[in-house]
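These notes concern the structure reproduced below.
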Amino acid sequence: MTRVLRDIVINGRKIKALFDTGSARSYVLEELVKDAPRIRVKPYVISPGGRMITVTEECILKGEIEGLEFTVKAIPVDRLGRIDGHEVGMIIGATAMGNENRHGQGGNRSYRT
C-alpha cells in the first residue's frame, strides 16, 4: 500500500489530497463540494476510519495536480482527519488513480507515488 500527500486544486480551492492505493474509493470533504454535481447511487455501506457510513450519492469533481486536469468521482464525508499535521481534504483511491480521466497536455502521464 502506497500513501502520498500532495497539494491539488478542487473546485478552485487548494487542498491536501492523500493518494492511497489501499483505498478502493475516493472521498472528499463535504464542505468543499456543496455545489458539485451529484449522482444518486444504490445505497451501500462503507467504513472509512472505522465509522459506518451509508452512501446514497457521489459527486463528480474537476481537479488539477501539477498543471494536469482530471475528473474524479468521490464520496462526500464530514471529516477525513490529519496526516503529518495537515488537514486532509480528499483521499484519492486506487480506482480513481487507474482511470483514464486525465485531460490536457500530457494526458497519458501517470502519477508518481
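Observations on the structure shown:
- Listed conditions (1) within 18 Å of Thr95 (Cα to Cα); (2) within 13 Å of the chain's Cα centre (by Cα); (3) part of a strand (DSSP E or B) are all met by Val9, apart from (1).
- Ser110 at pLDDT below 90 and under 11 Å from the mean Cα position of the chain (by Cα): no
- Only residues that are over 12 Å from Ala96 (Cβ atoms) and not in a loop (DSSP other than H, G, I, E, B) were counted across segment 19-31, and they come to 3.
- The one condition in (1) surrounded by fewer than 16 Cβ atoms within 10 Å (Cβ to Cβ); (2) aromatic (Phe, Trp, Tyr); (3) under 13 Å from the mean Cα position of the chain (by Cα) that Phe19 fails to fulfil: (1)
- Matching strands (runs of 3 or more DSSP E) fully within segment 32-93 where at least 2 residues are farther than 15 Å from Val9 by Cα and free of Cβ contacts under 8 Å to residues at least 12 places away in the same chain: 38-46
- Top-ranked residue in segment 48-65 [being modelled with pLDDT of 90 or more and charged (D, E, K, R); ranked as surrounded by the most Cβ atoms within 10 Å (Cβ to Cβ)]: Glu58
- Unique match (being surrounded by 13 or more Cβ atoms within 10 Å (Cβ to Cβ), among the acidic types (Asp, Glu) and at pLDDT 90 or above) among Glu69, Glu87, Glu31: Glu69
The values are calculated or read from the model by the stated rules, or taken from the named source; none is laboratory data. Model, not experiment: these values are computed from the prediction. Glycine also receives a Cβ, built like all others from the backbone with ideal geometry; neighbour counts cover every protein chain displayed.
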